[in-house]
Amino acid sequence: MSELPVDLVEQYLLALQNRICTAIESEESSGAFREDQWDYLGGDKNRSGGGKARVLEGGEVFEKAGVNFSCVTGSRLPASATAHRPQLAGRHFQAMGVSLVIHPNNPFVPTSHANVRLLIAYKEGEAPIWWFGGGYDLSPYYGFEEDCRHWHQTAKEACEPFGDDVYPRYKKWCDDYFFLKHRNEPRGIGGLFFDDLNQWPFERCFSFMQSVGDSYLDAYLPIVRRRKTLPYTDHHKQFQHYRRGRYVEFNLVYDRGTLFGLQSGGRTESILMSLPPQVRWDYNWEPEPGTDEARLYNEFLPPRDWLSC
């Protein structure tokens, strides 16, 4: 392929951002997204591009929701992108994607995260090196098997047109990736995670990224609708805030997207929009045996085949 159809990818990502924001707002009665447009120049003539950050705060259903689009070019890939691929060092790059994090108000509604992206590394006189990445994962505070099965069934259906091995492979990658090594515990119940995807032709890889992006709302909104009106107590909120601490720890210590954005000089407000508005850390806390909080740790967080239960 002499020229990559990056314009089509950008158009899809912008449309995806619009669709997701519209759908999230439709679940709200008292909140709306505000948009900030930003540029990637920052005084550096070797940078170009920018993005649209959309954030909803203080809603009745969603305490904070951020859905970001970015499309940037730069003269040098950051360390987070070249650590496992040293042959890319020194290449200039173009990166585009949509990334979102939804923090619900009701503790019985899980936090969800999704992103889809394309990265291209260029070097004069050589063919560009490109790859797609992304996925989505679910971080419940209180476990419901119905929700977990639905989330993973939707993920499996998104993968099925691309091969029987795709869902189990990317489901395992998600389980392995969203794991807090310093806590020795998963962040949530997983979903899909893929990166460095270029084994298929560009058009097929793009189609897979679209299938993942398009399926996110089908995976998440039915769970939101089932749980958003359940009554909860201050005890439930306290546990929600405690578990959000794990979310913060992962994003600041391990998350590739966060590290890429910060190392490449991206817009800090947009990168850190993923952090929840309220969070807590309690020293050496452990759940009481037999409680719903203990069930989360014992029955839901350990990786399992949700579609065989």
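Key figures for this structure:
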read-out	value
Local electrostatic count, residue 98, Cβ distance below 14 Å [Lys/Arg +1, Asp/Glu -1]	+1
MRE, 222 nm, helices only [DSSP H, n ≥ 4, -39500 (n - 2.57), over the chain, to nearest 500]	-11500 deg cm²/dmol
Candidates 128, 231, 276: whichever shows maximal mean-square fluctuation once the chain is modelled as a Gaussian network with Cα springs under 10 Å	231
Most to least accessible of 6, 67 (protein chains only, probe 1.4 Å)	6, 67
Entries in 123/171; 156/228; 181/237; 123/181; 52/181 that, when Cα-Cα distance is taken, lie over 31 Å	123/171; 123/181; 52/181
Carbon plus sulfur fraction of accessible area for the chain, probe 1.4 Å, in percent	49
Extension gain (nm, one decimal) between residue 256 and residue 146, 0.36 nm per residue minus Cα-Cα	36.6 nm
Relative contact order (%) - criterion: Cα under 8 Å, at least six apart; region: the chain	17
Distance in nm between pseudo-label sites at residue 278 and residue 292 (7 Å out along the Cβ direction from Cα)	1.7
Accessible-area value, residue 39, 1.4 Å probe, nucleic acids and ligands omitted, Å²	100
Between region 143-161 and region 182-256, the Cα center-to-center distance that results, in Å	12
Unit charges at the beta carbon, dipole of region 155-251: most positive-side option, 182, 167, 212	182
In nm, spacing of pseudo-spin labels at residue 249 and residue 180 (7 Å Cα→C-beta vector)	0.3
Region 82-193 - charge dipole about Cα centre, Lys and Arg +1 at Cβ, Asp and Glu -1, debye rounded to 20	440
Extension gain from residue 129 to residue 35, taking 0.36 nm per residue of separation minus the Cα-Cα distance	30.6 nm
Dipole magnitude (debye, nearest 20) for the chain, charges at Cβ of Lys, Arg, Asp, Glu	560
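The values are calculated or read from the model by the stated rules, or taken from the named source; none is laboratory data. Just so you know, these numbers come straight off a predicted model, no measurement behind them. A quick note on method: Cβ atoms are made from the backbone with ideal geometry, for glycine too, and the neighbour counts reach across all protein chains shown. The area values use the complete protein model at the heavy-atom level, side chains included, leaving out ligands, DNA and RNA. Shrake-Rupley method; radii C 1.70, N 1.55, O 1.52, S 1.80 Å.
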